Each structure stands twice: as structure tokens, then as C-alpha cells.
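Quick notes on the structure that follows.
The values are calculated or read from the model by the stated rules, or taken from the named source; none is laboratory data. As the structure is a prediction and not an experimental result, all values here were calculated from the model. Backbone-built Cβ (ideal geometry, glycine too); neighbour counts: all protein chains shown.
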Amino acid sequence: MERKRLSKYANEKAGKPKVDISLLQTFHLVARTGSFSAASRELNISYQSASNHVRRLEQMYGQRLIEAEKGARKVQLTPQGKALHASLGEELDTILSRIAVLMHDVRSVLRVGVPQALFHHFFPDVLRLFRMAEPDIELVFFERDTTLERMMMDGALDAAVSERSFSQAAISQHLLGAYHLALIYPREWTEETFEDGDLGFFSDRPFITYEPGQTIRTRAIEYLSRRFDEPPRIVTTASGSTSVTRLVESGLGYAVVPEWSVTENHPATRRIVLQGIEPMKVYFAHTAFLETNGFIRLLHKSCTEAMASAFRAQ
């Protein structure tokens, strides 16, 4: 008797209509934008198709979801429509963005986030290694720093190289290595050389650093504040090591940058490797569901090989 009831229940469930995710996507966009026209443009479908998607969803739902007055540009959600839209929330956006990422193997596109300094210094070599195995894959780079974790969670990136440790379980990170920071200053300031423990010369001089929120800026200010017994005198901020270094080369101040970004025998600057600051760790990150993706694995391998000489293994 129990087996018959279970069989009947299974058959009833099998007979229920299955909701196409494209119908939910169309409804979600109509609800968010307030019009069929805006949703159809975003989805690259016709106005009538967008309207039909919503009508089919209403038939499955058994309730009117949208009220659209004839000739009106904007639509209104019914109470049932508001409830459905609220229940979908940001989760549907996340699901749709991740589906788009999974389609990259078909579209041959890989989106990668990298801080500007790491990109300028290492990624020509990374790309050469990657292209040897995959010459036809389109790589789209976003030179960012503070927003990389959020971009990955929003589905805007497939992978990232970052000096930040991400806290989200949906993101997998692999340590590439670590490097020291170095204080650089114009050669024209003095012929004297300094050690890490003797930085008093710089306490009242102009300090050039990165934008607020960047990890190197935070580390450098904390370290110099301990050395000087007061915060360094910040006069200029810039977005990346290339810009910061150019300002130092021009004699406008000193800065703390990655040791690999300026050579020891640079003609315009001198360098002091700051052994007293905790080394900066660099991670390769990707969304967890792309763990077995061949393009992601190749990019990780290429980053490891290209950065090996500059980073210390941890």
C-alpha cells in the first residue's frame, strides 16, 4: 500500500510543469526595470517574446504577476508578483551570472581581475605561457584591487590574482608566493644609503602612496608610523605601483612599493628592502565551481611559472 502511495506521489510530481529559468529571468528583469521594453532590450529578445515569457510564467504560477495598462510605459507588480520577485532576490542574479561563466568553455572567454602593478610586471610573461597552449582563448582583464572579491561574487570574474585573502567559501584561493616591500626614494635627495632600521631621514619628507583601502598603503603607513612615532606625511596618492614609482623618479617624494617593481640599480631611485614588514602574499583565486576548468588550471600554472623568480615560496 505504501509503495502505491509513493508511486502515485512520484507520478503527480512528474506531471507538474517545469519552470524554464528563462521565464524567471524575463520576469525578474521586467519587475526590476518596470517595463517589457527595457527587459527585452537587455535580453536581446522581442517585446512580444518578453510578454509571452511572463504570461507563460503566470499560467504556471496560477496567478497574475504583472498589471500592464494599455499604452502605459511602466508595468505594476501585483501582490503575488511582488512576493515572487522578493523571493527571487539577488539569488537569481547570482545563478544567472554563474551559468554565464560556465558557458565560457563554449564562448572561449576568460575574465580575470589583477591589480595594475601585478598586471604590468608579470602578465606579459603569463600571457606568453598561456598562449603557447591556448592561442585562441579571449582573455579579458580587469585591472582592479579593492573590488576583486565583490566582482567574483557578482559573477563578473572567473579568476583573479590578488594580494588579498578572500573570505567567501564560494571562492577558492591558491598561494602563489610572497614578496617584500621596499622603500624607494630619489637618488638626487642624498648619496647616503640606509638600512631598514634607520629610516629617520624620511620622517618629515613627502610620502607618496596608494589609494585608501589598498593593502600596501595600509601596511606601509602602519610600519612607518611605528618607525617615526607619528604617521608619514602623505602628499599624493595614486592607483598603482607604476604611477607611484614615476612620481618618486620625478623627485616628488618617497614611497613603499613591491621590491620587484623597482630594480636595485635603478638610475633615478634608491631602494631599501623592508625586512620588518610582513611579506605580501599573492593568491590565485577562482570561483569554486571552476576547480576542474582546463582554462583556469592553465592560467594558474602560467601565473605560477611567470612569478616564481620574483616570489618567495611560503
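Quick grid of which residues meet (1) within 20 Å of the chain's Cα centre (by Cα); (2) under 23 Å from Asp125 (Cβ atoms); (3) in a helix (DSSP H, G or I):
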residue: Asn265; (1), (2), (3): no, yes, no
residue: Arg271; (1), (2), (3): no, yes, no
residue: Gly276; (1), (2), (3): no, no, no
residue: Lys281; (1), (2), (3): yes, yes, no
residue: His286; (1), (2), (3): yes, yes, no
residue: Thr292; (1), (2), (3): yes, no, no
residue: Leu298; (1), (2), (3): yes, yes, yes
residue: Thr304; (1), (2), (3): yes, yes, yes
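Scanning the range 116-143 for residues that are under 24 Å from Glu211 (Cα atoms) and of a type outside the set (A, V, I, L, M) yields a total of 9.
Hey, among Glu192, Glu163, which residue is of a type in the set (Asp, Glu), at negative phi and in contact with a Ser or Thr (Cβ under 6 Å, 6 or more places away or on another chain)? Can you show your working first?
Working: Glu192 fails: in contact with a Ser or Thr (Cβ under 6 Å, 6 or more places away or on another chain).
On inspection, the qualifying residue turns out to be Glu163.
Taking the range 161-175 as the range and being under 21 Å from Ala220 (Cβ atoms) and either charged (D, E, K, R) or outside any loop (DSSP other than H, G, I, E, B) (or both) as the test, the residues that pass are Val161, Ser162, Glu163, Arg164.
Contact annotation: residue pairs with Cβ atoms under 6 Å, 6 or more positions apart or on different chains, pairing a residue in the range 250-267 that is under 18 Å from Thr193 (Cα atoms) and at pLDDT below 95 with a partner that is surrounded by 15 or more Cβ atoms within 10 Å (Cβ to Cβ) and not β-branched (Val, Ile, Thr), are Glu259/Tyr179; Glu259/His180; Glu259/Ala182; Val262/Arg271; Glu264/Arg271. State all residues of the range 130-160 that are assigned to a strand (DSSP E or B) and either assigned by TED's automatic domain parsing to the domain that holds Ser241 or modelled with pLDDT under 90 (or both); if no residue qualifies, say none. The answer is Glu138, and nothing else.
In the range 176-217, what count of residues is obtained for those that are closer than 30 Å to Ala159 by Cβ and not in a strand (DSSP E or B)? The qualifying residues number 8. For the range 161-175, a residue qualifies if it is modelled with pLDDT of 90 or more, over 20 Å from Gly240 (Cβ atoms) and of a type in the set (A, V, I, L, M), and exactly one does: Leu175. What are the residues in the range 150-165 that are surrounded by 20 or more Cβ atoms within 10 Å (Cβ to Cβ) and of a type in the set (D, E, K, R), if any? Scanning the range 150-165 gives Asp158, Glu163. From Gly240, Gly200, Gly213, which residue is exposed (fewer than 15 other Cβ atoms within 10 Å of the Cβ), under 20 Å from the mean Cα position of the chain (by Cα) and not assigned by TED's automatic domain parsing to the domain that holds Val140? One residue alone meets the criteria, Gly213.
Residues in the range 179-232 that are of a type in the set (Val, Ile, Thr) and at pLDDT 95 or above: Ile184, Ile208, Thr209, Ile221.
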